[in-house]
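The values are calculated or read from the model by the stated rules, or taken from the named source; none is laboratory data. Fair warning: this is a prediction, and the values are worked out from it, not measured in the lab. Counting neighbours? That spans all protein chains shown, and the Cβs are built from the backbone with ideal geometry, glycine included. For accessibility, only protein heavy atoms count, side chains too; no ligands or nucleic acids. Shrake-Rupley method; radii C 1.70, N 1.55, O 1.52, S 1.80 Å.
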Amino acid sequence: MPRNRSLPPHLEIRRTGYYWRRRLLRSLRDRGGSDGQPGDEKNWTPSRKTFLCLSLRTHVLRDAKILARRLTEMSDLVFAADAEMMMAIAPETQVRMLESLARFEIEAFERARATAGWRSSDAAAMDLRREEALQATLRQALYLGDREVARQPLRHVAAQLGVELDEADEDWTALAYEATKVLLDVSQERARRRQGLYDQPTIFFRRAIATSGPNPANPAATSVGLDVVPASFASAGHTPTPVPAAASFAPTKTVAESPPAAPAAP
């Protein structure tokens, strides 16, 4: 029905009183949250374009204006939040997603490796060949501009971070391109780690080195007669063979026998 132009926006007058009516955003309708349910006709009026329609249960214009203004403000907040979630992907969001993608993949790989049992050399070689095939696929995707290889990984990361991506936006294409390069980096890193090649020592080793060293409160005493331990791992259980102490380079001093003391003079 045509709206009375003398009334504020979204406010309508009907025989049963005043109503607040506003069209839903397309993004909300596409998610299926706007479908009317049987028995909801009093508070929900589905139509071809789908509107929110609420009875204000009053015939007083002053009260209807107050209620309509509050509902409009609340719906503005909801629509703004939805538009923010569906807006172009911000640069900081892209950085967060790409870093999370790399971290999720490496953490999952390390977890699987830590809990896996012994495997044969043939199985290990097969894993390397699989990584090489994956890298060839990713390079081919970069060469052809194919974004499909990154679609599911990005969806998974977005779900983990609670971010809703608009894959129709042009920023998604750039994000998928960078994600493909990240996946290639991840595969190359997995291949190195499968062979025991790591960029830096483990965090446990770094902490041990950082906290090791002489204790100023109880410095170790220097002794010439210490046993020399051969170079080996402490976990090997090898018992070192004592090595004779090296000769001191300090000059020695010979003490001559003293003549007997002369008798005291009478």
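All other residues with a Cβ under 12 Å from the Cβ of Q94 taken together, and with Lys, Arg as +1 and Asp, Glu as -1, what is their net charge?
So the surrounding residues net to -4.
With a 1.4 Å probe and every protein chain left in place, work out the accessible area per residue of region 152-212 in Å², rounded to a whole number.
With all protein chains present, region 152-212 gives 63 Å² per residue.
Please list, in chain and number order, the residues 5+ apart from R23 or on another chain whose amide H is under 5 Å from its amide H, with Hs placed from the backbone.
Those qualifying (amide H under 5 Å, at least 5 residues apart or on another chain) are L52.
Taking the Cβ of E110 as the center, what net charge do the other residues with Cβ under 13 Å away carry, scoring Lys and Arg +1 and Asp and Glu -1?
Taking every Cβ under 13 Å from that of E110, the sum is +4.
Could you give the C-alpha radius of gyration of region 141-205 expressed as a fraction of 2.2 N^0.38 Å, taking N as the number of residues it contains?
Dividing the Cα radius of gyration by 2.2 N^0.38 Å gives 1.41.
Give me the net charge for the shell around A179: Cβ to Cβ below 14 angstrom, other residues only, Lys and Arg +1, Asp and Glu -1.
Combined, the nearby Lys, Arg, Asp and Glu give -2.
Residues with amide H under 5 Å of T58's amide H, sequence separation 5 or more or different chain, H placed in the peptide plane at 1.01 Å from N; which?
Y18
Expressed as a whole percentage, what fraction of the accessible surface of region 64-190 belongs to carbon and sulfur atoms when a 1.4 Å probe is rolled over the protein heavy atoms?
The C+S portion of the solvent-accessible surface of region 64-190 is 56 percent.
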